[in-house]
Amino acid sequence: MTEVATTASRPQEFGEIQLEVNNIEVVYHDIVQVLRGVSLMIPKGKIVALLGTNGAGKTTTLRAISGLLKPENGQVREGYIKFAGQMIHQRSGQAIVKAGIVQVPEGRRVFKHLTVEENLRVGSITRRDVQAVREDLARVYEIFPALTRLRHRQAGYTSGGEQQMVAIGRALMANPKLLLLDEPSLGLAPLLVRDIFERVKAVNKEGTTILVVEQNASIALGVADYGYVMEQGRIVLEGPAAELKNNPDVKEFYMGMTEGGGRKSFKEIKSYKRRKRWM
Amino acid sequence: MTFFLQLIVTGVAVGSIYALAALGFVLIYKSSRVINFAQGELIAIGAFITYGLTVWAGLNIWLSLAIAIGLMYLLGQGIERVFLRPMIGEPIISVIMVTIALASVLSGLVYFTPFGTLTARFPSYLPDTPLRFGGIVLRWEHLVGILLTVIFISVLLWFFTRSTLGIAMRAVADDQMASLSVGVSIEKVFALAWAAAAMSATAAGFVVGSLYGLELAGLIAIGLRVFPVVILGGLDSIAGAIVGGITIGILEQLASGYLDQYVPGGGTGEVFPFVILIVLLLFKPYGLFGTKEIERV
C-alpha cells in the first residue's frame, strides 16, 4: 500500500463546502425515526461516498437532501440542510432540482415505455435554456457513447448497465451542480460497475459534485475523495477516502477482508462484538 | 354495396365522436391511473357553455366553441385542484370514488341552471342538405365531428411525442418517483390531463349536440359509450381510443343495418359492440393497444 498521504483530513480542507447537512432527524409517517442526527459536509467539485449496510439510512439521507421524502410520507424534523448558502430542507423536490441537486434513484427507475432519448429529455423538464439543453444532450451521448445507437429504443428493453447510464444521463440533463447516486452498482456485473464508476469520475472531472451511496465500499472509496459510514441512522465514521480504505474496521465490515488482507471467512463472526461498540 | 359503404361511412363518423369523447378519459387514465366517471358530465357542460355563448351572448358559433374550450380548460384545471389534488397518494380506488361523486356534483350543479331541463338545438350553422358522394350520404355535422377529432388527435400526438412537457406526462405514467427525481411536477401533469380531457369533451359535446340536440341525460349518456371504446382500444392508448371509437361506431351501424330486421324491437346496434368486446377481451385482455408491463429478468 503506497497511498499518497493527503494532508487534508476534514471535508472543509478539500474545498469550499457546497452542501451541509446539519444534525438532521428524519421521521416517516410521524413516528418511525430513521435518521438520528446525521451531519455531512460535501466539498464542492469532489466525490463523497456514503457507506453502510442495508437499512442504515443512506437512501433516506439522499431523499432528505433531494426533497423526495414527502412522497414517502417522511419529513426532516430537526436540523437543517444548506446548499450553496441556502436552506433547502423544507423545499419541494422540484425547487431542489432547480437549485441544482438531482438524485439518481436506486434501482435505476428508467421510464420503461419511453425511448432512451425521451428519457433524457424528461431530465431537462425544469429548464428553459433550450440551446444549452441541446448541448447537454450531446454531452450525455459523449459520456455514454453506448446510448447513441440506442436512442430510439424503448428504455425497458435495454440492459441493466445501459439503464444505469440512462438514469445517470437523465439526471445530468437537469444540469445538476450536485449529483446524488443511490447504489449505482446494484445488480450490475463487476466489469460494468467499474465502467459506470469511470463515467461518474468523468462527470465529476467536468465540475459536478457527487455524493454516492454504496454498499460496494471498495469501488466507492476507490473514486471518492472523502467518505462517511452510516449505521442505524447515524454517521459512525468519516474521513478521507484513502484513510477509510485502510481502516481495519471498514475493511472488515464493508469489504469483507481480514486484517491480513485476505478474504474473510464466515467462521470468524466474532467481529460483530467490535462492531456493536460503534452503534 | 352502397348500403354497406353507407353504414361504414356513418360508422366512422359516429365512431370519431366516440373517439373524441374517449380521448380525455384516456389522458386521465394514462397519467394518473384514475378512471374518470365524470366524462359524460364534462361533455354536457362543454356543450351547454357553447350553447349559452352562442344563443344568449349572441356570439358566432365557432367563436363560442373556441371560448368554451378555453373555459373548459380552466374548469378541468380547477376540478383537479379542488377534487383530485388532495387525493394524490391515496389508493386509486378512493380517487375513482371521488370521480363518481364528482359526476353527481357536476350534474347536480347543472340542474341549478336553466340547462338542467333544457332541450334545445344549436341554431343551424351548417347547410341542411347533406354531402353526397355517389349514393353515399354524409351529414355536415358528421364531417365537423371527424375534423375536430383529427385536429385534437394531431395536436395531442404532436404534444406527446415532440414537446418535453408531453413526454414528461408519459414519464409520469411510467414512474412517478423517477419523474419527481428530475423535478417533474406531478400536480401540473395531472391538472393538464384533466384540462385536456375537459377540452376534448367540449368538442365531443358540441358535435353530439349539433347532431342529436342538447339535453342533459342524452349528453351524459355519451360519456358511458366511452367505456366500451377505451376497453376495446386499451385504457391508456390514444391510438386505441381512435381505433376503438371507430370500431365501435362501425359495429353499431352494421348491427343496426343488418341485424335489426331479425330482432323484434331492434336495438342490436347498442348490444352488438359489447358482444365483440367480450370476445376480444378473452384474447387481448389489455385491449388492442393497451400497454403491457415490460418485465426484464
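The values are calculated or read from the model by the stated rules, or taken from the named source; none is laboratory data. Predicted model only: the values in this text are computed from it and were never measured. A quick note on method: Cβ atoms are made from the backbone with ideal geometry, for glycine too, and the neighbour counts reach across all protein chains shown.
Just a few scattered comments:
- Scan region B:199-222 for residues that are of a type in the set (Ser, Thr, Tyr) and either within 12 Å of the chain's Cα centre (by Cα) or outside any helix (DSSP H, G or I) (or both) and the total you get is 2.
- Within region B:119-147, the set of residues being hydrophobic (A, V, I, L, M, F, W, C) and over 22 Å from the mean Cα position of the chain (by Cα) comprises B:Leu126, B:Leu131, B:Phe133, B:Ile136, B:Val137.
A quick yes/no check of all residues on (1) at positive phi; (2) among the aliphatic types (A, V, I, L, M):
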position	(1), (2)
A:Glu16	no, no
A:Ile31	no, yes
A:Gly37	yes, no
A:Gly55	yes, no
A:Glu106	no, no
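- Residues of region A:29-54 classified as part of a strand (DSSP E or B) and more than 18 Å from A:Thr208 (Cα to Cα), total: 10
- Pairs where the first residue, in region A:110-129, is at the interface with chain B (Cβ under 7 Å from one of its Cβ atoms) and closer than 11 Å to A:Ala167 by Cα and the second is in a loop (DSSP other than H, G, I, E, B) and of a type in the set (D, E, K, R), C-beta under 6 Å, 6+ apart: A:Phe111/B:Asp175
- Per this entry, B:Leu165 is not counted among residues that are surrounded by fewer than 22 Cβ atoms within 10 Å (Cβ to Cβ) and more than 10 Å from chain A (Cβ to nearest Cβ).
- Output for region A:75-107, where each listed residue is within 14 Å of another protein chain (Cβ to nearest Cβ) and among the small types (Gly, Ala, Ser): A:Ser92, A:Gly93, A:Ala95, A:Ala99, A:Gly100, A:Gly107
- Against the list (1) acidic (Asp, Glu); (2) more than 30 Å from B:Thr113 (Cα to Cα); (3) modelled with pLDDT of 90 or more, the condition B:Glu215 fails is (2).
- Within region B:76-98, the set of residues being assigned to a helix (DSSP H, G or I) and over 17 Å from B:Glu187 (Cβ atoms) comprises B:Ile93, B:Ser94, B:Ile96, B:Met97.
- When residues of region A:98-108 are limited to those that are surrounded by fewer than 20 Cβ atoms within 10 Å (Cβ to Cβ) and not acidic (Asp, Glu), the one nearest to A:Thr158 (Cα to Cα): A:Gly107
- Consider region B:180-198 and keep the residues that are facing another protein chain (nearest Cβ under 7 Å) and assigned to a helix (DSSP H, G or I). The one that is nearest to B:Leu27 (Cα to Cα) is B:Leu180.
- Beta carbons closer than 7 Å, at least 6 apart along the sequence or on distinct chains, pair a first residue in region B:3-15 that is under 11 Å from B:Val137 (Cα atoms) with a second that is of a type in the set (S, T, N, Q) for B:Leu7/B:Gln253; B:Thr10/B:Gln253.
- Test: A:Ser92 is surrounded by fewer than 23 Cβ atoms within 10 Å (Cβ to Cβ), closer than 22 Å to A:Ile168 by Cα and among the small types (Gly, Ala, Ser): yes
For (1) part of a helix (DSSP H, G or I); (2) more than 14 Å from chain B (Cβ to nearest Cβ); (3) surrounded by fewer than 23 Cβ atoms within 10 Å (Cβ to Cβ), each residue gets a yes or a no:
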| site | (1), (2), (3) |
| --- | --- |
| A:Glu142 | yes, yes, yes |
| A:Arg149 | yes, yes, yes |
| A:His152 | no, no, yes |
| A:Gly161 | yes, no, yes |
| A:Met165 | yes, yes, no |
| A:Gly169 | yes, no, no |
| A:Leu181 | no, no, no |
| A:Ser185 | no, yes, yes |
| A:Val193 | yes, yes, yes |
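- Look at (1) crowded, with 18+ Cβ neighbours inside 10 Å; (2) more than 14 Å from chain A (Cβ to nearest Cβ); (3) not acidic (Asp, Glu) and you find that B:Gly266 fails only one, number (1).
- Across region A:28-67, the number of residues qualifying as farther than 25 Å from A:Phe253 by Cβ and touching a Gly at 6+ places or on another chain (Cβ under 7 Å) comes to 6.
- Residue pairs meeting the criteria (Cβ under 9 Å; at least 6 apart or on separate chains; first under 13 Å from A:Gln232 (Cβ atoms) and in contact (Cβ under 8 Å) with a residue 12 or more places away in the chain, in region A:38-61; second in a loop (DSSP other than H, G, I, E, B) and among the charged types (D, E, K, R)): A:Lys58/A:Glu183
- Filter pass, B:Leu281 being away from chain A (no Cβ under 14 Å), in contact (Cβ under 8 Å) with a residue 24 or more places away in the chain and surrounded by fewer than 21 Cβ atoms within 10 Å (Cβ to Cβ): yes
- Within region B:223-234, the set of residues being among the hydrophobic types (A, V, I, L, M, F, W, C) and surrounded by 24 or more Cβ atoms within 10 Å (Cβ to Cβ) comprises B:Val226, B:Val229, B:Val230, B:Leu232.
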